[in-house]
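Notes follow once the structure below has been shown.
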Amino acid sequence: MDYNTFFPKLSELQFSQLQKLEELYLDWNQKINVISRKDTENITTRHILHSMGVAKYIQFKPNTKILDLGTGGGLPGIPLAIMFPACEFTLIDGRKKKITVVQDIVDQLELTNVKAQAIRSEELKGTYDFVVSRGVTALEKLIPMCQKFIKPKESFHGTPNGMLCLKGGNIKKEIKEAGRGIYTETVLLKDYFDDSFFDEKYLVYVQG
């Protein structure tokens with residue numbers, strides 16, 4: 001995968017880190033099920049590039065604090081941490097074995113801007129500029145989980161602080177079921193990535 005096709009401003013270090021990330025996931029996946037073993041051939045497009053789709057909507061400014069809630073094996077947090085080395089990322093998951101994977105990958109990639117914690121969201125304290133998630137749960141459940149972590153102050157981005165959720169399927173129905181009075185913006189990732197996988201893949205921004 002030539003990531004530069006979609007992100008031409010990547011540095012040599014970022015490009016090499018993304019390539020190494022692929023290798024690390026494939027290696028770890030032989031030990032525990034980080035991603036579906038049926039999907040390892042598509043790890044670049046369906047997992048890493050998919051995670052990077054957040055950067056098509058927003059360019060995080062230096063010192064932005066981002067929480068990846070329910071990170072699993074580090075997606076979307078690790079690819080985004082590679083893309084935005086001047087930002088602070090906190091990756092949490094209640095499954096200790098998943099965070100073991102995340103911490104090892106973070107160490108091997110020498111990412112100094114990532115903190116990984118084996119902790120449930122109910123136990124976490126602190127606030128962030130943005131919360132990111134990938135396939136965690138329906139917006140109806142996810143929004144109440146995330147809102148307490150979003151800093152109430154005005155964002156120093158053009159986009160106010162909020163949630164950035166990578167979703168698939170019937171997104172209009174899911175947004176409607178999340179309730180009234182919630183401001184959202186939806187981006188079709190197919191507009192940025194020329195692959196049929198992205199035909200029904202979206203980034204949903206929810207204002208905090």
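A short reminder: the numbers here are calculations on the coordinates, not readings from a lab. Treat the numbers as computed from the prediction; the structure is a model and nothing was measured. Cβ: placed from backbone, ideal geometry, glycine included. Neighbour counts: every protein chain shown.
With Rh defined as the Kirkwood radius, the inverse of the mean 1/r over Cα pairs, the Rg/Rh of segment 1-57 is 0.99. Per-peptide packing, taken as the mean over residues of other Cβ atoms within 10 Å, places 158-167, 182-191 in the sequence 158-167, 182-191 from highest down. Couplings for segment 191-208, taken from phi via the Karplus curve 6.51 cos²θ - 1.76 cosθ + 1.60 with θ = phi - 60°, read 5, 10, 10, 8, 8, 4, 4, 8, 4, 10, 10, 10, 10, 10, 9, 10, 5, x Hz in order; Gly and Pro are left as x. Among beta bridges identified by DSSP and lying wholly in the chain, the antiparallel ones come to about 40 percent. In this structure the amide hydrogen of D68, modeled in the peptide plane, comes within under 5 Å of the amide hydrogens of T90, L91, I92, V132, none closer than 5 places in sequence on its chain. Rounded to the nearest 20 debye, the dipole magnitude of segment 116-208 is 380 debye, with +1 charges on Lys and Arg beta carbons, -1 on Asp and Glu beta carbons, and the Cα centre as origin. Binning the C-alpha pair distances of segment 1-95 at 5 Å intervals from 0 yields a P(r) profile of 3, 13, 24, 25, 20, 11, 4, 0 %, listed from the shortest bin outward. Spherically averaged projected area of the convex hull of Cα atoms, segment 145-195: 5.0 nm². Label-to-label distance, D195 versus S16, with points set 7 angstrom from Cα along the beta-carbon direction: 2.4 nm. Segment 113-208 has equivalent-ellipsoid semi-axes of 23, 16, 15 Å, by the square roots of 5 times the alpha carbon gyration tensor eigenvalues, sorted largest first. Taking θ as phi - 60° and the Karplus parameters 6.51, -1.76 and 1.60, the scalar couplings of segment 120-134 work out to 7, 4, 5, 9, 6, 10, x, 10, 9, 6, 9, 10, 10, 7, 9 Hz in sequence order, x denoting glycine and proline. Most fluctuating residue of D68, D194, D129 in a GNM of the chain with Cα springs under 10 Å: which is it? Judging by the Gaussian network model, the answer is D194.
Charges on Cβ only, +1 for Lys and Arg, -1 for Asp and Glu, centred on the Cα centroid of segment 3-207; of H157, I32, T137, which one is farthest towards the dipole's positive end? Positive-end residue among those listed: T137. For the chain, the alpha-carbon coordinates run over 44, 37, 32 Å along the three principal axes, in decreasing order.
In this simple spin-label approximation, I32 and T100 carry label points 7 Å from Cα along the Cα→Cβ vector, and these lie 0.5 nm apart. Extending 7 Å from Cα along the Cβ direction at T5 and again at K151 yields two label points whose distance is 3.7 nm.
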